[in-house]
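Trainee: Let me begin by handing over the structure; questions about it come next.
The values are calculated or read from the model by the stated rules, or taken from the named source; none is laboratory data. Remember, it's a predicted structure, so these values are computed and weren't measured experimentally. Here the Cβ is made from the backbone with ideal geometry for all residues, glycine too, and neighbour counts use every protein chain on show.
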Amino acid sequence: MEVPTRRRTTTRVVLSRRRPRSTSEEQSRKKRHTGQAKKENVLALSLRHQQTSVKMQDVRIGLQRIPPTSLLVSAATTAKENVGSVAGKAWSSQQTSAAGQSSEGPAAEAASELMEVTPPASQLGEEEEGEGGGRETSGAGGPLPQLSWANPRELWTEMRAKDVCQTAPEEELQSRHPGILPTMRTILFDWLMEVCEEYKLHRETYYLTVDLHDRFLDSWREIQKEHLQAIGITCLFIASKIEEIYPPKVTEFAFVTDGACCVADILDMELLICKALNWRLNHYIVTVNTWANAYMQISSHRLRPPGVKTREFEYPAYSPLEFIRVIQLLDMCTLDLSSRTFGTSVLAASALYLASERSRQHFTAITGLLLEEVNDCVQWMYPFALVISRDGPVAQRAFPGVTPQDLHNIQTHSVTIAMLDDALELRHSQLSAAAVPGMVHPDCSVLLTPPRSERRCLAPINASSTY
């Protein structure tokens with residue numbers, strides 16, 4: 001039987017291909033598409049315009065609901081902040097024009113009334129010039145003139161409120177830390193001055209270091225003398241991070257200790273000091289360096305030539321050499337622990353009285369202190385001034401990379417332990433018992449020789465003997 005064969009069928013897959021349009025059809029299609037897109041754009045723009053109109057209407061309704069007084073106060077505040085000296089001169093004309101436009105509505109009338117009682121910012125704090133260009137203050141804000149960035153009365157009160165002192169600092173140190181002597185503190189600060197000079201640190205950094213060190217010792221008990229150098233260099237490390245733009249690295253501070261402290265020791269001590277001071281590191285007090293800068297600026301402001309505006313008080317205008325004489329006296333005072341008996345403002349005022357002759361004529365107006373308030377400190381500081389006057393004025397040093405305008409702010413090692421010993425000898429010999437007539441240049445025949453370079457390190461602190 002013959003088997004029928006099945007015919008093999010093949011399935012073809014036909015791909016649908018679009019027939020190419022002619023040129024006329026393509027042009028007509030583009031025209032239709034372009035016209036439709038234009039219609040859609042027009043509709044979108046009209047819808048957006050309607051939404052914007054609704055929003056602007058809501059804003060107008062909201063502005064009508066706001067009381068006119070709030071708008072006027074806001075506008076007046078903005079005007080006071082932006083108005084300049086030219087606008088201040090034209091203030092009266094603005095009052096007249098604003099009053100003339102009172103027919104526009106009650107808001108314009110209220111604006112004219114507000115302008116009458118609100119002077120421009122450029123007129124605030126202007127006072128009459130005295131003879132020789134000096135400006136007499138009313139005393140309401142203390143010695144400070146009118147400032148554009150702060151209330152002078154509040155600023156002066158805040159500065160004086162941070163002025164603290166101790167009744168008996170030597171007895172307090174001995175009771176809290178029997179193993180630390182005042183001479184150890186003297187050697188430490190003398191060495192820190194050298195470190196500041198080596199790394200070109202500012203004077204404010206050094207005096208902040210002194211404040212941190214003394215406050216830490218006041219908040220702690222029974223610190224051993226072996227830890228005193230670590231405390232001092234750590235306080236300088238903290239102060240440099242606060243005051244300096246480019247502070248030295250912690251490895252550099254560890255290097256100057258010559259192996260007495262490592263990086264880990266400084267970091268551990270930093271955390272301990274910050275916790276002991278409750279993280280109140282800076283601005284807790286006003287340093288003597290800040291007070292000296294303020295007094296010198298106020299003194300130069302009072303003696304300024306005619307025509308100098310009050311707003312220029314914010315720029316340093318005092319003599320750098322005169323400031324160096326004042327701050328050198330304060331550098332020596334900080335080496336003595338008994339300097340903590342007086343407040344920082346009194347210390348700076350006494351140094352200004354002894355080192356700056358022209359400031360004595362306006363002492364109360366410059367410092368805000370009476371002579372009776374600084375008499376004890378002046379008598380205490382007088383031997384230090386005698387020793388410094390013996391050696392003559394200190395020349396301003398030049399530091400590479402420091403601008404000439406900032407050279408006087410760099411801490412230098414211009415006083416020595418020998419000068420301090422000589423001043424203490426003068427005090428003990430009762431040479432300063434008489435009233436202070438002024439800067440006297442005595443002939444001191446018996447003086448101690450300067451200390452050797454190895455005496456400037458803290459080796460005596462780590463040893464059993466003291467200097």
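To keep it simple, each residue is scored yes or no on (1) in a helix (DSSP H, G or I); (2) over 26 Å from the mean Cα position of the chain (by Cα).
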site: R390; (1), (2): yes, yes
site: Q396; (1), (2): no, no
site: P400; (1), (2): no, no
site: Q405; (1), (2): yes, no
site: V415; (1), (2): no, yes
site: A418; (1), (2): yes, yes
site: D421; (1), (2): yes, yes
site: R427; (1), (2): yes, yes
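Trainee: Can we say K249 is under 20 Å from I187 (Cα atoms) and basic (K, R)? Talk me through it step by step, then tell me what you get.
Mentor: On the way: under 20 Å from I187 (Cα atoms): no; basic (K, R): yes.
Here the answer is no, as K249 does not meet what is asked.
Trainee: Can you name the helices (runs of 4 or more DSSP H) wholly within the stretch 146-200 that have at least 1 residues being out of contact with any Ser or Thr (no Cβ under 7 Å at 6 or more places or on another chain) and under 26 Å from Q411 (Cα atoms)? Steps first, please.
Mentor: On the way: elements: 152-161, 169-176, 182-198.
In the stretch 146-200, the matching helices (runs of 4 or more DSSP H) lie at 152-161, 182-198.
Trainee: Next question, about the same structure. Condition check: over 30 Å from W156 (Cβ atoms) and at pLDDT below 60. Does L424 satisfy that? Before the answer, list the steps.
Mentor: On the way: over 30 Å from W156 (Cβ atoms): yes; at pLDDT below 60: no.
The answer is no for L424.
Trainee: When only residues in the stretch 239-294 that are basic (K, R) and surrounded by fewer than 14 Cβ atoms within 10 Å (Cβ to Cβ) count, which is modelled with the lowest pLDDT? Please lay out each step first, then the result.
Mentor: Step one: of the stretch 239-294, the residues basic (K, R) are 241, 249, 275, 280.
Checking which are surrounded by fewer than 14 Cβ atoms within 10 Å (Cβ to Cβ) leaves us with 249, 275, 280.
On the way: K249: 95, K275: 94, R280: 90.
Checked the stretch 239-294; the qualifying residue modelled with the lowest pLDDT is R280.
Trainee: Quick one: is R221 touching a helix residue (DSSP H, G or I) at 6+ places or on another chain (Cβ under 8 Å), basic (K, R) and over 20 Å from K249 (Cα atoms)? Write out each step before concluding.
Mentor: Working: touching a helix residue (DSSP H, G or I) at 6+ places or on another chain (Cβ under 8 Å): yes; basic (K, R): yes; over 20 Å from K249 (Cα atoms): yes.
The answer is yes for R221.
Trainee: Moving on to the next point. With the requirement that a residue be touching a residue at least 40 places away in the same chain (Cβ under 8 Å), in contact with an Asp or Glu (Cβ under 7 Å, 6 or more places away or on another chain) and assigned to a helix (DSSP H, G or I), what does the stretch 201-238 give you?
Mentor: E204, T205, L208, I238
Trainee: Out of everything in the stretch 357-376 that is hydroxyl-bearing (S, T, Y) and at pLDDT 85 or above, what residue ends up being surrounded by the fewest Cβ atoms within 10 Å (Cβ to Cβ)? Show your work before the answer.
Mentor: Of the residues in the stretch 357-376, the ones hydroxyl-bearing (S, T, Y) are 359, 364, 367.
Pick out the ones that are also at pLDDT 85 or above and you get 364, 367.
On the way: T364: 14, T367: 26.
Checking each candidate, the answer is T364.
Trainee: Considering each of A385, A351 in turn, give the residue that is closer than 24 Å to H202 by Cα, in a helix (DSSP H, G or I) and within 25 Å of the chain's Cα centre (by Cα). So that I can check it myself, show each step before the final result.
Mentor: Numbers: A385 fails: within 25 Å of the chain's Cα centre (by Cα).
Unique residue meeting the criteria: A351.
Trainee: Tell me which of these A395 doesn't satisfy, since it passes every other one: (1) more than 25 Å from C165 (Cα to Cα); (2) hydrophobic (A, V, I, L, M, F, W, C); (3) surrounded by 14 or more Cβ atoms within 10 Å (Cβ to Cβ).
Mentor: (3)
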